Amino acid sequence: TQSSAGVAVLTIAAKAAEGGSSEFVVSSVDDLLNAISSGKTDITLAYSSTPYELGTVAITTPLRLNGQKSGEARPIVKGNFTVAGDLGGSFILRGLELDGNGASGAVVGEVKENPVTADTIAIYDSYIHDFAKALYDNSGKNASCVQNLIFNGVYVDNSSNGSDFIDMRNGHYHRVMVVNSTFANSARTFFRTDAGSEINYVTIRNNTFYKV
């Protein structure tokens, strides 16, 4: 819900899911950050016409963050995410508008000298725009181990114009997939890998590139 001042107000609702787990629906920044810090692994961000001003959110445990749409409109998240250490699972963003105005880092960035281990790091069905830095950033050359790095159904505009876009300078990434997506007015270098990086499979399919 929204207050008369247009500020997101506290609401957390648990929704039963298959297998007995619960999906938490949150509608304020504080509720979202509290749910993440308390270890909730499946969170839905309620649609709001007011952006969620997150800043930088540190991810160190498994998380699926899903946006609740209103028609074609997605919840707007202003901020970015870092991943570090052994997540014990996956970090997945889905159905969001990720606004980089004022963000200090990449959409998803690894923390230097704290390599990430994850099953999957992925962004699905999201609109991403106005990030000064990368879509995915391992410019710190961590010896990370990510089984699947996936970008599927994303539209990226006006981001990372002077930076490497998907930056995997070190570490092991078993499978990298960039599919069904559009990239416009973005990226100095689309992919960057250095001698220390190991990638077993790369799939780039059904994408549109404009001024990349």
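For the structure I just gave you, tell me whether residue 186 is on the phi > 0 side of the Ramachandran plot and not in a strand (DSSP E or B).
Details: on the phi > 0 side of the Ramachandran plot: no; not in a strand (DSSP E or B): yes.
In short, no.
Taken over the stretch 48-67, the criterion of being within 17 Å of the chain's Cα centre (by Cα), β-branched (Val, Ile, Thr) and open to solvent by 20 Å² or more (accessible area, probe 1.4 Å) is satisfied by 56, 60, 61. Applying the criterion of being modelled with pLDDT of 95 or more and closer than 21 Å to residue 99 by Cα to the residues of the stretch 34-47, the residue that is most open to solvent (accessible area, probe 1.4 Å) is 47. Selection over the stretch 140-159 of residues that are in a loop (DSSP other than H, G, I, E, B) and either without any contact (Cβ under 8 Å) to a residue 40 or more places away in the chain or within 17 Å of residue 177 (Cβ to Cβ) (or both) gives a count of 6.
Applying a threshold of 9 Å to beta carbon distances and a minimum spacing of six or more residues, or different chains, the list of pairs starting in the stretch 83-110 at a residue that is of a type in the set (Lys, Arg) and ending at one that is assigned to a strand (DSSP E or B) and open to solvent by 10 Å² or more (accessible area, probe 1.4 Å) reads 94/64; 94/66; 94/67; 94/124.
Residue 129 passes every criterion in (1) closer than 23 Å to residue 66 by Cβ; (2) open to solvent by 40 Å² or more (accessible area, probe 1.4 Å); (3) not β-branched (Val, Ile, Thr) apart from (2). Among the residues of the stretch 90-121, those identified as assigned to a loop (DSSP other than H, G, I, E, B) and open to solvent by 10 Å² or more (accessible area, probe 1.4 Å) are 90, 101, 102, 103, 104, 105, 111, 112, 113, 114, 115.
Residues of the stretch 154-190 that are over 15 Å from residue 129 (Cβ atoms) and surrounded by fewer than 16 Cβ atoms within 10 Å (Cβ to Cβ): 162, 174, 175, 179, 180, 188, 189.
Could you tell me whether residue 209 is aromatic (Phe, Trp, Tyr), open to solvent by 50 Å² or more (accessible area, probe 1.4 Å) and more than 28 Å from residue 89 (Cα to Cα)? I'd like the intermediate steps shown before the answer.
Numbers: aromatic (Phe, Trp, Tyr): yes; open to solvent by 50 Å² or more (accessible area, probe 1.4 Å): yes; more than 28 Å from residue 89 (Cα to Cα): yes.
Against the criterion (aromatic (Phe, Trp, Tyr), open to solvent by 50 Å² or more (accessible area, probe 1.4 Å) and more than 28 Å from residue 89 (Cα to Cα)), residue 209 qualifies.
Here 194, 137 are screened, and the one residue that is open to solvent by less than 40 Å² (accessible area, probe 1.4 Å), at pLDDT 90 or above and not in a loop (DSSP other than H, G, I, E, B) is 137. Scanning the stretch 3-21 turns up no residue that is at pLDDT 95 or above and either polar (S, T, N, Q) or in contact with a strand residue (DSSP E or B) (Cβ under 8 Å, 6 or more places away or on another chain) (or both).
The values are calculated or read from the model by the stated rules, or taken from the named source; none is laboratory data. Just so it is clear, the model here is predicted, and its values are computed rather than measured. Cβ sites come from the backbone with ideal geometry, for glycine too, and all protein chains shown count toward neighbours. The protein model used for the area step is the full one, side chains on, heavy atoms only, and it has no ligands, DNA or RNA in it. Shrake-Rupley method; radii C 1.70, N 1.55, O 1.52, S 1.80 Å.
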